[in-house]
Amino acid sequence: MSMLPVLAQVTLLMLNRIGSSILFPLHGNVYPMGFYNVTLNIGQPSKPYFLDPDTGSDLTWLQCDAPCVQCTETPHPLYRPNKNLVPCKDPLCKSLHLHGYKCETPEQCEYEVQYADGGSSFGVLVKDAFSFNFTNGEQLKPHLALGCGYDQSPGPFPHPFDGVLGLGKGKSSIVSQLSKQGLVQNVIGHCLSLQGGGYLFFGDDLYDSSRVLWTSMSHDHPEHYSPGFAELIFGGKTTGIKNLVTVFDSGSSYTYLNSPAYQALISLVKKELTGKPLREALDDKTLPLCWKGQRPFKSLQDVRKYFKPLALSFNNGGKGKTQFELPPEAYLIISRNGNVCLGILDGTEAGQDVNIIGDISMQDKVVIYNNEKQLIGWMPANCDRLPKSKTTSF
């Protein structure tokens, strides 16, 4: 009896799988909600959880009844872990502890995640089944490691959520684990709609690579999705504001520049508004800097003509410059009071040591983090419509 047909089938299945993707709808917006979430089905039997997608961190964790010492408000009942603990010697555990972690309890792996906004989660690593629908029609339930978080400190802007979906570059991220199991390429993409909502995907068959503007990930900042140094362009002209170490971070609603760059940008914007029918709205505390018009603004269409487009220009690893364009709607919001506010904030004041491209600036673009090729890419897109997969079942 020949083994070939079986082997051929297995190979075809693997090819089909690795050429396939997982697509998730996103819910939320930059303002007024201030966050996005994605629904993941986890556990046996599987239950839905709302997670904050965060390209700025690796570990996925759920607020967890282990029992919970300190949990914040959750939309769903707390996750009940099974007894499947990840041992301390596991490489995934080591990847979370860069500095000589002592295995005091060898049968379990403790973790602690600190976020830039001051929030944190402490707990243990467990394995459980994640239910995924692949774009080729397959439904799989791979066992993946996640954090059972039983001690959380909220950040300054808490909202009800079940946990965090870590989409960073580390071994512990869900996409790295799926890729290691041969289920998807280690590629992540998201499309955040200006109207709210959007989509997130794992894998590389939901976009046309030739239409994407690519830039290299920086080797100097391996822990982040960073294209390295950027220069700020204002209204198509160079500003002399350069050497900005920049990071793409979907866990941040707004964009942050370090203090000198932020102050320089503000003086450029204010100079540009001289003689325009806008004046500072000191009574609007939505964001640090807002302006009011003669009557309340209903949408960004009413004000975009008063503001210049911005861009961040990256060196692209010495292969010529790549520009990340920021039209006015990628850095402004209309507040509940009908004023227009600047969605670029002072990062130094917020304790950030890098310049962050947040959700506001990534709206209406597909942004792709290709960990296989160490590239970050983007292209304009209609994020209200889910993309079609290039692969179909064999």
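Laid out as a table, the results:
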quantity: Selection within segment 308-346 - of a type in the set (Asp, Glu), open to solvent by 30 Å² or more (accessible area, probe 1.4 Å) and part of a strand (DSSP E or B); calculated: Glu325
quantity: Given (1) open to solvent by less than 40 Å² (accessible area, probe 1.4 Å); (2) modelled with pLDDT under 95; (3) of a type in the set (Asp, Glu), number of the condition Glu349 does not satisfy; calculated: (1)
quantity: Selection within segment 231-257 - open to solvent by 40 Å² or more (accessible area, probe 1.4 Å) and either within 28 Å of Pro32 (Cβ to Cβ) or part of a strand (DSSP E or B) (or both); calculated: Lys237, Thr238, Gly251
quantity: Residue selected from segment 169-219 under the condition hydroxyl-bearing (Ser, Thr, Tyr) and assigned to a helix (DSSP H, G or I), by the criterion most open to solvent (accessible area, probe 1.4 Å); calculated: Ser210
quantity: Boolean, Leu273 is open to solvent by less than 50 Å² (accessible area, probe 1.4 Å) and either under 17 Å from Asp346 (Cα atoms) or within 26 Å of the chain's Cα centre (by Cα) (or both); calculated: no
quantity: Tally, over segment 125-162, of residues that are assigned to a strand (DSSP E or B), within 23 Å of Phe35 (Cβ to Cβ), open to solvent by less than 20 Å² (accessible area, probe 1.4 Å) and charged (D, E, K, R); calculated: 0
quantity: Residue, surrounded by the fewest Cβ atoms within 10 Å (Cβ to Cβ), within segment 87-124, restricted to residues that are part of a loop (DSSP other than H, G, I, E, B) and in contact (Cβ under 8 Å) with a residue 24 or more places away in the chain; calculated: Gly118
quantity: Thr72 vs. criteria surrounded by fewer than 19 Cβ atoms within 10 Å (Cβ to Cβ), among the hydroxyl-bearing types (Ser, Thr, Tyr) and at pLDDT 95 or above; calculated: yes
quantity: Residues that are among the aliphatic types (A, V, I, L, M), within 21 Å of Cys93 (Cα to Cα) and in contact with a helix residue (DSSP H, G or I) (Cβ under 9 Å, 6 or more places away or on another chain), drawn from segment 149-193; calculated: Leu165, Leu167
quantity: Meets criteria (loosely packed, with under 15 Cβ neighbours inside 10 Å, modelled with pLDDT of 95 or more, within 30 Å of Leu342 (Cβ to Cβ) and in contact with a strand residue (DSSP E or B) (Cβ under 6 Å, 6 or more places away or on another chain)) for Pro48; calculated: no
quantity: Test: residue in segment 197-210 that is small (Gly, Ala, Ser), touching a Ser or Thr at 6+ places or on another chain (Cβ under 6 Å), at pLDDT 95 or above and more than 18 Å from Lys169 (Cα to Cα); calculated: no
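The values are calculated or read from the model by the stated rules, or taken from the named source; none is laboratory data. The shown structure was predicted, so the numbers you read here are calculated from the model rather than taken from an experiment. Positions of Cβ are generated from backbone atoms using ideal geometry, with glycine treated the same way; all protein chains shown enter the neighbour counts. Heads up: the accessible areas ignore ligands, DNA and RNA and are worked out on the full protein's heavy atoms, side chains in. Shrake-Rupley method; radii C 1.70, N 1.55, O 1.52, S 1.80 Å.
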